[in-house]
Structure formats: C-alpha cells, structure tokens
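The structure appears right after this line, and notes come after that.
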Amino acid sequence: MRIVLSNIGTFGDINPLIAIALELKRRGHVPVMALPGIYEPKIRPLGLEFHAVRPDIDPTNTLMVEMIYDVRKGTERGLRDFLFPALRDTYEDLFDAATRPGRADLLLLGELNYAGPLVAEVTGIPWASYVLAPLSFFSAFDPPVLPMYPRLARADKTVPGMGRAIRRLARFVSRKWPQPVYDLREELGLPRGANPLFDAKHSPDLVLALFSSVLGQEQKDWPENTRITGFCYYDSDGGDHSLPPHLEEFLQAGPPPVVFTLGSAAVLAAGRFYEHSARAAMKLGVRAVLLIGGDPRNRPRQALPESICVAEYAPYSALFPRAALVVHQGGVGTTAQCLRAGKPMLIMPYSHDQPDNARRVRRLKVARVIQRAYYTPIRVAHKLKVMLEEPRFARRALLLAHRLGRENGVQSACDALEELYARSRG
C-alpha cells in the first residue's frame with residue numbers, strides 16, 4: 001500500500017511516525033512522510049519519500065516556543081497563532097501528498113494535523129488517526145490534568161462526576177478556537193461536522209493509541225476502534241545511535257549520572273533550568289549530564305566541575321540506560337524512553353500533555369514532580385537525594401521496564417494498519 005503519514009509538531013510527535021514508516025517500508029509498503037519541511041534532512045537519508053507540509057517550524061524562534069509552552073495559554077496560542085492561520089496551506093499540501101504522483105491507499109494522521117480529516121473526507125481515502133498520550137482522549141472516567149486548571153485533577157477521585165465536569169470545562173473553554181476549521185469545511189462544501197479538537201480528529205475506523213497500557217488503560221468513552229499498541233520508539237540521528245565521544249568517555253569514567261534534559265521543544269524555553277540543575281548536582285555531589293540542545297544560552301555560566309558533562313544532544317535510548325535518574329519536562333517521548341530504560345524520574349512539566357503524563361508516572365511510583373516555579377537548586381537537590389537514596393523508585397522502574405519489554409508498539413501499529421488496508425479493499 002501507498003500510505004501517507006502526516007503530523008505537525010516536535011520530534012516527540014514525529015519520531016513515532018518515523019518508526020512506523022520504517023517498519024512499513026521493511027514490509028514492502030510505500031510510506032510517504034508529509035511533514036513540516038524542517039524534517040526533510042532527517043527523513044530522506046532513511047530512504048523514505050518526503051512531502052513538505054506547512055506550516056514549517058523554526059527551531060530558532062524561541063519566542064514562539066515560549067508562548068506555546070505557557071502553562072495557561074500555551075495550547076490555545078499553539079492552535080490559534082500557529083496551526084490554524086496556516087490551515088488552508090496545510091490542507092493544500094496534504095491534498096497534494098495524498099493524490100500526487102499517485103493516489104494514497106491509506107492516511108495515518110496525527111491529531112495536530114487538523115486539515116487531515118478534511119483531506120480524507122474530500123478524497124474518500126481511508127484513514128487512521130493516532131495519539132501519543134492518554135490526555136488526548138479527555139476521558140470522563142480517567143480525567144486528564146488540564147494545564148490551565150491543574151488543581152481540578154486532585155478532586156477527580158473524591159468528587160462524584162468531576163471527570164465529566166473537567167471534560168465539559170475543556171470543551172467550553174476552547175469552544176471558539178476551532179472556528180477556522182469550520183470555516184474551511186464550509187469553503188469545501190462540507191457540513192460543519194463534529195468538534196475538531198475532541199471528536200473529529202479521531203478516525204471512525206482505527207485510532208492508534210501509541211502508548212503503553214502502563215501509562216493509560218482503555219476507557220469506555222474512548223473512540224470506537226481504538227487500539228493500544230505500546231510505545232513506538234525512535235530517536236536515532238540518521239540511523240546513528242552512538243553517543244558523542246566526550247559523553248561516552250564521561251560515562252565510562254564513573255558511576256551512573258543524573259541526566260537533565262528538556263526534550264526537543266521545551267529546551268528552546270529552558271530559562272534557568274540548566275543553571276539550577278548544575279547547582280543542584282554540585283550541591284548534592286553527584287555526577288550529571290546536561291543535554292542543553294543547540295541554544296548557547298542554555299550553557300551554564302558558572303564554571304563546572306569535571307563531575308558535570310555538557311552535551312547538545314544524545315540518543316535517549318543509548319544514554320538513559322546508563323543513568324541513575326532522569327530529570328525532564330514530561331513529554332511523552334521522553335517519558336517513554338525513561339520507562340523503557342527502567343529509570344526513576346523527576347519531572348518539571350511545562351504544558352499540553354506534560355502535567356498529565358507527570359501525574360501518571362507519579363502514580364506508578366517511579367517519579368516525583370516539581371513545578372517550574374519551584375525549580376531551585378535547593379529543592380531539586382532535596383528531591384534527588386530522596387529518590388537516589390530510596391531504592392523503591394529504582395526497583396519499581398525496573399519492574400515497569402520489564403512489562404514494557406513485552407510490548408512491541410511498532411509491530412502492533414503496523415499490523416493494525418495492514419488490517420485496515422485489507423478491510424478497505426474488501
């Protein structure tokens with residue numbers, strides 16, 4: 001089959017698609033990656049077809065990232081100021097990818113590509129959707145943490161009907177956001193349709209939940225035809241999983257360090273995270289790795305001892321298994337790699353799904369959570385000391401890693417897509 005895989009987002013949103021595309025190619029199918037142009041240099045060396053989809057992402061625009069990761073307004077601004085103004089462009093680009101040079105047999109669409117369901121409806125091409133975290137389902141029976149109203153989540157187990165109230169609140173607060181989607185549907189001669197933010201983003205035929213049942217279990221108000229596959233891991237750079245030489249040398253020279261990272265997007269709005277992290281590590285007397293990304297402002301200004309190693313990037317799959325503990329922002333991709341490596345976590349969430357992911361792994365007893373406003377060297381050092389000295393965190397993390405080892409998210413996702421393709425042809 002010729003299958004177009006498309007989404008708009010960070011590497012955390014795109015890497016699972018790459019993993020699935022590579023497996024589909026291995027099975028003899030023709031995957032076409034319809035993504036923002038910034039990903040083309042990463043995709044083409046893998047031997048995959050690439051089709052650029054607007055809006056593109058500017059990794060140097062830290063102001064945009066800071067706005068998107070604002071706790072109270074981040075999600076709204078990401079949609080209304082970034083995705084929706086380019087909705088018509090996204091539709092045109094994805095339509096081209098789905099119909100030229102040959103018509104696609106199937107579409108696999110991420111929830112941030114709000115033009116995707118419209119392309120599927122206009123062309124009649126069968127489609128599947130995917131989500132990366134339980135938050136995306138907004139279940140009343142497993143209510144999420146809303147970044148702008150985090151305290152509501154504390155009452156979901158004690159106040160009857162709180163889950164339904166949280167779901168209604170989310171729909172009410174965001175009721176005006178998707179108007180550009182409704183406008184484009186009208187322009188295309190389509191009926192108004194279901195709510196794009198909560199309902200229309202899910203395919204009626206197959207919804208892939210690309211996370212482990214360890215993180216979230218199926219609920220009775222999830223969309224029909226949802227399949228939990230397990231995590232789909234991919235974090236290599238053009239197929240290279242090796243660590244930078246100086247980091248490899250550092251890891252071999254002493255005991256496992258604490259790793260501090262902010263993923264691929266929050267790292268552009270790091271603030272004083274790395275400075276405070278370095279001071280916490282020095283205060284505690286532990287070895288540490290700071291993954292600072294490409295922004296030179298993230299490099300701590302103070303002189304660092306030999307016990308702290310700074311690197312711009314390292315594949316998590318190669319680094320995390322050699323860490324003692326990981327401090328991160330709570331993105332689902334980073335969280336998945338920590339669970340896979342069997343490592344405890346200290347999470348400092350920003351926005352979107354991160355506060356909800358943080359609460360879920362805390363409930364699994366493998367993590368503690370610290371809010372950004374309280375991320376100071378003294379507080380971080382205290383939390384790290386407790387976690388490093390209390391063996392139950394490490395034991396529990398290893399048990400969960402063993403459970404995840406029995407899952408194969410990529411294989412399960414590709415099996416489901418092949419089944420959908422067979423049904424569409426029969």
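What follows is calculated from the coordinates using simple rules that are stated; it is not laboratory data. Quantities reported herein were computed from a predicted structural model and do not represent experimental measurements. All Cβ positions, glycine included, derive from the backbone under ideal geometry; neighbour counts span all protein chains shown.
Details
- Computed lengthening from R396 to Y374, 0.36 nm per intervening residue step minus Cα-Cα distance: 5.3 nm
- Reducing segment 91-111 and segment 301-370 to their Cα centroids gives an inter-centroid distance of 35 Å.
- Filter on K220/K385; K42/K220; K73/K385; K201/K383; K73/K201; K283/K343 - keep pairs with C-alpha separation over 29 Å: K220/K385; K42/K220; K73/K385; K201/K383
- Semi-axis lengths (Å, descending) of the ellipsoid that matches the C-alpha gyration tensor of segment 1-130: 25, 17, 12
- With the biggest extent put first, the Cα atoms of segment 317-426 measure 63, 28, 24 Å across the principal axes.
- Beta bridges per DSSP with both ends in segment 1-51, % antiparallel, nearest 5: 0
- Distance between the 7 Å Cα→Cβ label points at N195 and E312: 4.3 nm.
- Per-residue [θ]222 nm for the chain (sum of -39500 (n - 2.57) over DSSP H runs n ≥ 4, rounded to 500): -11000 deg cm²/dmol
- Which label in (1) 64, 51, 41; (2) 68, 57, 36; (3) 56, 48, 44 gives the computed Cα extents along the principal axes in Å: (1)
- Global dimensions of segment 164-289 from alpha-carbon coordinates: Rg and Dmax equal 22.4, 65 Å.
- Once backbone amide H atoms are built at 1.01 Å from N, H51 has M33, A34, L35 as its partners under 5 Å, excluding neighbours fewer than 5 places away on the same chain.
- Most mobile listed residue (A253, A128, A165) in the chain, GNM with C-alpha springs under 10 Å: A253
- If the chain linking D81 and Q411 were pulled fully straight, counting 0.36 nm for each residue of separation and taking away their Cα-Cα distance, it would gain 115.2 nm.
- Compactness of segment 269-335 was expressed as the Cα radius of gyration divided by 2.2 N^0.38 Å, which yields 1.08.
- Amide H contacts of I228 (H built 1.01 Å from N, under 5 Å, at least 5 apart or other chain): A209
- Bridge type composition, the chain - antiparallel percent by DSSP, nearest 5: 5
- The gain in end-to-end length when the V173 to H241 segment is fully stretched comes to 20.2 nm, 0.36 nm per residue minus the alpha carbon separation.
- Among beta bridges that DSSP assigns inside segment 245-404, antiparallel share in %, nearest 5: 0
- Radius of gyration and maximum dimension Dmax of segment 245-404, Cα, Å: 14.1, 42
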